[in-house]
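**Student:** Take this structure, written in structure tokens, and hold onto it; I'll ask about it next.
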Amino acid sequence: MMGSGVAIKMAQPCTGGGAAVAAAAAPEFSLASCAAALEAVLGGRDGRVWFKESSGRNLRSRDWIAPRGALSKLYPQGQVPGDLIERLLSEYGHRLYIRSCIQTGAGLVIHLDHPALFQQVLSNLPLYTRPLKSVLPKRKCVILNCAPLQGSRGPESMTINHLRTILLADHLAEVLRQQGYVVRAVPNLQQNAGVCKFLRSFGVNWTSSLETVSDDRKVSDFKKILSESVYTECGQMDTLSNQTCLTLPKGVGYKVNLRLFLKEKELEGYDTNLNVALVQEETLRQVAELQNTVLQVDAADQCTAIHVVGCEEEFQQQKIDVLWRILSSETDRVTQRHLVCGSVRTKGEHSHLSAVQYFQFRKSQMLEASVMKYGNIVQGDSWAEIINNMTSAVIKFELLATSHRNPLNLDLAQGVNISTKGTRSGAFVMYNCARLATLFDHFNNSVEKGLYPRFPEISQLNFPVLREEGEWLLLYNYIIPFREVFVQITHSMSSTKDIHLNVNSETLCKFLVNLSMDFSSYYNRVHILGEPLEHLFNQMFTRLQLMKGLREVFHTALGTFHILPPSQL
């Protein structure tokens, strides 16, 4: 049964091309601020009332809904008083681009002014396609300690578990930089080391130098601190008569009671089995590098050290965390967090592969798929670069599209297809990004041939011609909320005090996959580059402007993975 049918509409919506100057001057439209404003007027104290629609089917009839079930907890029979609706429209209608607010059997529904929002967003694309740098009262510095890169591990001993952790650390570093954080990555690698060369295959340029700086003096200072510490049960400075110390394993310099320290400092969240640490010189060098990195941070900056570590090495990393606290008072101004990666479970005849062999295996599959699709033209340096970049994308989406907290099941069977037809793959994302590149190449070539005029000024476009269902879906679900996606990734950075940090590292992968699916559906259905007829040019240009926004979203998001956007199919 329908409700009262109350429909209140905003007057004089901004829909014409001549209002582009007004739209460009309007403030940025944000779904988050829209939700907050709607909740402020009609929301309840016990939870959300308003929900943004996202499916194509629901977007045909509404953009926001406050379901009747939620409203019935606040108003008799779920009927919102007319004066509240009028207040919502008078206070927020213009700023939120609300065209109408209607009470229906399903609840209170809002229709936004689509032409005005197309105009506002597409006239100001940089506002929506570039991550928003946080305005912070204090500059925030993050020290990213990638545990699998510590020590002298070479690429031949790197596992797929290690690779997943490294790629996660690299992605997080770029996401944080995009949001205005100062990021310092440790350890500092030797530039010509094999591991650096291997990581460059993935576009990962981890901190490196021609020669690593020696920390001998700092290590020596740490040894002295440990020899005098009340938490050291025995060590190098003890007398030979101490029989307990003679039982230390070879290479171990000190035995340190971590449990006592944790109890005295009342530190929580650590593994309950954490007892003692058998400290080797390599461990002291790791702590020394962390310490030196903190000393490079301005004392006024808010500093967080994030240990990015695989679950199999988490226990050892907690020992290093506590040992660092014992060795340095500087840790009082550093918040230490642990970002733990779940294990990679492999199956298939190639389940035993190392990280290097895994890369070569996927690369051979990508080469085979490309030859099957394009034939003998797949050869030479340019194709080698394309194959390498596609392989990197495939692997990154395989390893990062699942929440870092969860184990990952990886199928390494020979027959598994990684072609562009798999809609959940990095190859599919790259294929659709390449479609956009090809689209603009065709347009530019047609302009050079005189078939189309050059792209006009944005103020000359008439945005009401964007009426196709998929066009609003692409703007509303992907371009408008893109900045907020970045915020979702690192939301927990300041929302919890637990030593374990959980970030939504899979967010951008899923976002790009969903974008690719909806863009592909639209692209297959709509002919963007129309006939070279003057009366069709405005529709073509407005659609191309929408495609420009999608292209920028693809490029910005892929950039956080250090994936080079493809320039051709």
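The values are calculated or read from the model by the stated rules, or taken from the named source; none is laboratory data. Since we're looking at a predicted model, the values are computed, not measured. Cβ atoms come from the backbone with ideal geometry, glycine included; neighbour counts cover every protein chain shown.
**Student:** Output yes when any residue across the range 144-155 is outside the structural domain of Leu399 (by TED's automatic domain parsing), in contact with a Cys (Cβ under 9 Å, 6 or more places away or on another chain), of a type in the set (A, V, I, L, M) and part of a helix (DSSP H, G or I), and no when none is.
**Tutor:** No, the conditions are met nowhere in the range 144-155.
**Student:** Going by the conditions given, is Leu132 assigned to a loop (DSSP other than H, G, I, E, B), under 23 Å from Cys509 (Cβ atoms) and not β-branched (Val, Ile, Thr)?
**Tutor:** yes
**Student:** For the range 395-408, does any single residue satisfy the condition of being in a strand (DSSP E or B), touching a residue at least 12 places away in the same chain (Cβ under 8 Å) and under 25 Å from Glu156 (Cα atoms)?
**Tutor:** yes
**Student:** Let me ask something else about it. How many residues are under 30 Å from the mean Cα position of the chain (by Cα), surrounded by fewer than 17 Cβ atoms within 10 Å (Cβ to Cβ) and not β-branched (Val, Ile, Thr) when one looks only at the range 85-139?
**Tutor:** 10
**Student:** What pairs come out if I take residues in the range 487-508 that are farther than 30 Å from Val429 by Cα and pair them with residues that are assigned to a loop (DSSP other than H, G, I, E, B) whose C-beta lies under 7 Å away, six or more apart or interchain?
**Tutor:** Hits for this filter: Asp498/Gly269; Ile499/Gly269; Ile499/Tyr270; His500/Gly269.
**Student:** When both residues are 6+ apart or on different chains and their Cβ atoms are under 8 Å apart, which pairs have a first residue that lies in the range 280-292 and is within 11 Å of Lys223 (Cα to Cα) and in contact (Cβ under 8 Å) with a residue 60 or more places away in the chain, and a second that is among the small types (Gly, Ala, Ser) and outside any strand (DSSP E or B)?
**Tutor:** Glu281/Gly251
**Student:** Of all the residues that make up the range 15-29, how many are modelled with pLDDT of 65 or more and buried (at least 18 other Cβ atoms within 10 Å of the Cβ)?
**Tutor:** Matching residues across the range 15-29 total 1.
**Student:** Still on this structure, I have one more. Considering every residue within the range 532-541, establish whether at least one is under 25 Å from Gly426 (Cα atoms) and in contact with a helix residue (DSSP H, G or I) (Cβ under 9 Å, 6 or more places away or on another chain).
**Tutor:** no
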